[in-house]
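The values are calculated or read from the model by the stated rules, or taken from the named source; none is laboratory data. Everything numeric here is computed off the predicted structure, so don't read it as measured data. All Cβ positions, glycine included, derive from the backbone under ideal geometry; neighbour counts span all protein chains shown. Accessible surface areas use protein heavy atoms only, side chains included; no ligands, DNA or RNA. Shrake-Rupley method; radii C 1.70, N 1.55, O 1.52, S 1.80 Å.
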Amino acid sequence: MALKIAVLPGDGIGQEIVREALKVLDVLNQHFDLNAEWEEAHIGGAGYDAEGDPLPESTLKLARESDAVLLGAVGGPKWEALDKPLRPEAGLLRIRSELGLFANYRPTKVHDQLLDASTLKPEVIQGVDILVVRELVSGIYFGQPRGIEELENGEKRGYNTLAYKTSEIERIARKAFEAARLRNNRVCSVDKANVLEATEYWREVVIDLHKREYSDVALSHMYVDNAAMQLIRNPGQFDVIVTTNMFGDILSDEASMLTGSIGMLPSASLGETHGMYEPIHGSAPDIAGEDKANPLATILSVAMMLRYSLDRADLAEKVEQAVGKTLEDGVRTVDLAGADEDFVLCSGMGDAVCQRLQGFA
Ligand code: NAD
């Protein structure tokens with residue numbers, strides 16, 4: 001039976017980059033043994049324009065019934081003045097929570113051909129290939145009680161709660177161990193167990209799960225302050241990093257800068273039953289409609305979808321190799337090109353990747 005993909009291009013460059021990603025899926029259908037079909041639906045500003053809702057019911061239904069969701073980007077100045085629940089970003093947050101996507105994966109892979117694009121020294125970042133697995137729907141961003149209150153002495157106090165239940169820690173740690181088995185088989189769990197009880201417990205649960213079910217994976221632990229430093233000092237030491245919502249938010253942004261270009265970074269948000277794949281960047285209204293965007297983050301999101309939702313790690317590798325070969329051959333979109341280097345358009349980059357991918361068939 002064909003695998004079913006819900007395709008939600010969204011707004012701005014979302015339309016352009018998703019078009020290129022679909023070309024890649026077409027090549028996999030025609031020249032490899034992928035049997036996938038897809039259906040497009042509106043999300044974000046496009047959803048609001050078409051149906052008055054940034055997450056139309058029909059889109060959510062399609063997403064629920066699909067094996068995976070591929071998303072472009074949402075947002076733009078046109079919808080900024082709308083009430084908050086009608087804004088494009090509200091549609092994105094809602095689909096994540098409706099599909100129960102509690103695990104956010106952000107891989108940071110430094111391509112040799114782009115070593116000079118980073119602000120770090122080439123010898124520090126060469127070969128870096130890190131996957132940050134961040135807990136996405138619990139921790140201090142969601143914990144209760146929270147608020148800003150007035151104290152008896154007239155002073156005010158802001159407060160939040162950091163709390164994790166056994167089940168919440170186990171399910172994210174499980175995702176990290178499973179991901180590591182498909183990579184270099186190493187997990188580093190990042191916490192602040194020396195100071196925060198919630199993460200002391202996090203560490204205990206991770207160790208326990210590891211012992212019971214994943215003793216074949218190499219597990220280490222690191223305090224978050226040290227992890228922040230090690231990411232810059234020696235990022236090559238990491239394979240999979242698993243961590244809490246807030247620590248993951250900060251560390252994944254830090255890690256993404258190792259590569260230099262926002263147009264290169266894919267992401268996945270996974271739950272027990274669904275997976276959604278999207279580039280980490282937004283809808284780039286400043287270049288939308290000009291066919292200038294870099295589609296590689298979206299094409300690499302397709303690779304993640306093949307690996308984590310469609311059980312086709314073999315094809316994921318082919319897509320990643322095709323992207324690597326394209327860069328090796330010197331093909332650049334404008335965001336990657338040096339001042340006096342030639343560059344191709346978004347569609348040109350998509351075609352260049354497809355051509356190389358076809359060559360691997
Ligand atoms: P952005 O990521 O859209 O753009 C930041 C800068 O990076 C811009 O100069 C843009 O041209 C450039 N850029 C982004 N992606 C690129 C690509 N693939 N190739 C080449 N250049 C690229 O962030 P922003 O400008 O802060 O936000 C624009 C809109 O996107 C806002 O409405 C924001 O809310 C939304 N947004 C959506 C998502 C999402 O859909 N997941 C994420 C972030 C921002």
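Name the one entry in 89, 57 that is more than 16 Å from the ligand (Cβ to nearest atom), open to solvent by 30 Å² or more (accessible area, probe 1.4 Å) and in the same structural domain as residue 295 (by TED's automatic domain parsing). Walk me through how you get there before you give the answer.
Values: 89 fails: more than 16 Å from the ligand (Cβ to nearest atom).
Among 89, 57, only 57 is more than 16 Å from the ligand (Cβ to nearest atom), open to solvent by 30 Å² or more (accessible area, probe 1.4 Å) and in the same structural domain as residue 295 (by TED's automatic domain parsing).
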Give the residue that is surrounded by the fewest Cβ atoms within 10 Å (Cβ to Cβ), with candidates limited to residues of the stretch 175-186 that are touching an Asp or Glu at 6+ places or on another chain (Cβ under 7 Å) and outside any loop (DSSP other than H, G, I, E, B). 186
Return only the number of the condition from (1) open to solvent by less than 20 Å² (accessible area, probe 1.4 Å); (2) touching a strand residue (DSSP E or B) at 6+ places or on another chain (Cβ under 8 Å); (3) closer than 23 Å to residue 249 by Cα that residue 217 does not satisfy. (3)
Within the stretch 263-317, track down each residue that is surrounded by fewer than 21 Cβ atoms within 10 Å (Cβ to Cβ), among the small types (Gly, Ala, Ser) and within 11 Å of the ligand (Cβ to nearest atom). 282, 288
Among (1) crowded, with 23+ Cβ neighbours inside 10 Å; (2) touching a helix residue (DSSP H, G or I) at 6+ places or on another chain (Cβ under 8 Å), where does residue 248 come up short? (2)
Starting from residues that are open to solvent by 20 Å² or more (accessible area, probe 1.4 Å) and over 16 Å from residue 265 (Cβ atoms), keep the ones in the stretch 92-114 and report whichever is farthest from the ligand (Cβ to nearest atom). 112
Does the stretch 13-26 hold any residues that are touching a helix residue (DSSP H, G or I) at 6+ places or on another chain (Cβ under 6 Å) and open to solvent by 10 Å² or more (accessible area, probe 1.4 Å), and which are they? 16, 23
Turns out the strands (runs of 3 or more DSSP E) fully within the stretch 1-110 with at least 2 residues that are in contact (Cβ under 8 Å) with a residue 40 or more places away in the chain and not aromatic (Phe, Trp, Tyr) are 3-10, 68-73, 103-109
